[in-house]
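The values are calculated or read from the model by the stated rules, or taken from the named source; none is laboratory data. This structure is a prediction, so every number in the text was calculated from the model and none was measured. When we count neighbours, we look across all protein chains shown, and the Cβ atoms used for this are built from the backbone with ideal geometry, even at glycine. Just so you know, the surface numbers come from the protein's heavy atoms only, side chains and all, with ligands and any DNA or RNA stripped out. Shrake-Rupley method; radii C 1.70, N 1.55, O 1.52, S 1.80 Å.
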Amino acid sequence: IGINDHDFESIAELIRHADDYPDFKPLCISSNLFHNSGANITNESGLLLSKAVEFFDKLTDLKLELNQILKSTVFSLAIGSHFFFEIAKLKALKFNLLKIAEAYDSNVNPDDLFIHCNTSFRTKSALDFNVNLLRNTNEAMAAVLGGCNSLWVQPHDEAAGKTASKT
């Protein structure tokens, strides 16, 4: 099941309404599925950018400006265990999004790009929560140094399906 033209019209309408609420971002373009399914960094980045360009094409055809689209979009990425490569992935994403904006004859402020990161599900052990703590810390630090705007660190025992009960 894909996104049809009616869905894009609905997204465009949400983005138009989001102009009045600058902190509301109705569109999320995510590469989490690619990452957690085993894609390497290059494939993950390429698929995310391809998906973004598809959305940009459809939404600019509906008379939205690229600046308006980017201000209403969250780019969501999972961060894996290759510390320096993950930092580079985030920096390359920003660089490439700015280059794409140039291709649309749009002058985008880098601060308008909102990147959300979360720690990888794929790198966690179901047997050793202490190792997961170290992996989550490494992944979170890579996300922060890469320049993410928001971060979610998964519970260390989530891979075992035993998240701590709330008290």
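Restricting attention to region 19-54 and to residues that are open to solvent by less than 20 Å² (accessible area, probe 1.4 Å) and either of a type outside the set (Gly, Ala, Ser) or over 19 Å from the mean Cα position of the chain (by Cα) (or both), the residue that is farthest from Leu77 (Cα to Cα) turns out to be Leu27. Candidates Glu65, Glu44: the one that is of a type in the set (Asp, Glu) and more than 22 Å from Pro22 (Cα to Cα) is Glu44. Tallying residues that are open to solvent by 20 Å² or more (accessible area, probe 1.4 Å) and either touching a residue at least 24 places away in the same chain (Cβ under 8 Å) or under 16 Å from Glu86 (Cα atoms) (or both) within region 110-125 yields 8. Considering region 6-18, the residues that are free of Cβ contacts under 8 Å to residues at least 40 places away in the same chain and not polar (S, T, N, Q) include one that is surrounded by the fewest Cβ atoms within 10 Å (Cβ to Cβ), namely His6. Of everything in region 147-158 that is out of contact with any Leu (no Cβ under 6 Å at 6 or more places or on another chain) and surrounded by 15 or more Cβ atoms within 10 Å (Cβ to Cβ), the residue that is farthest from Leu93 (Cα to Cα) is Asp157. Any residue at all in region 131-146 that is open to solvent by 20 Å² or more (accessible area, probe 1.4 Å) and of a type in the set (Gly, Ala, Ser)? Scanning region 131-146, I find no residue that is open to solvent by 20 Å² or more (accessible area, probe 1.4 Å) and of a type in the set (Gly, Ala, Ser), so the answer is no.
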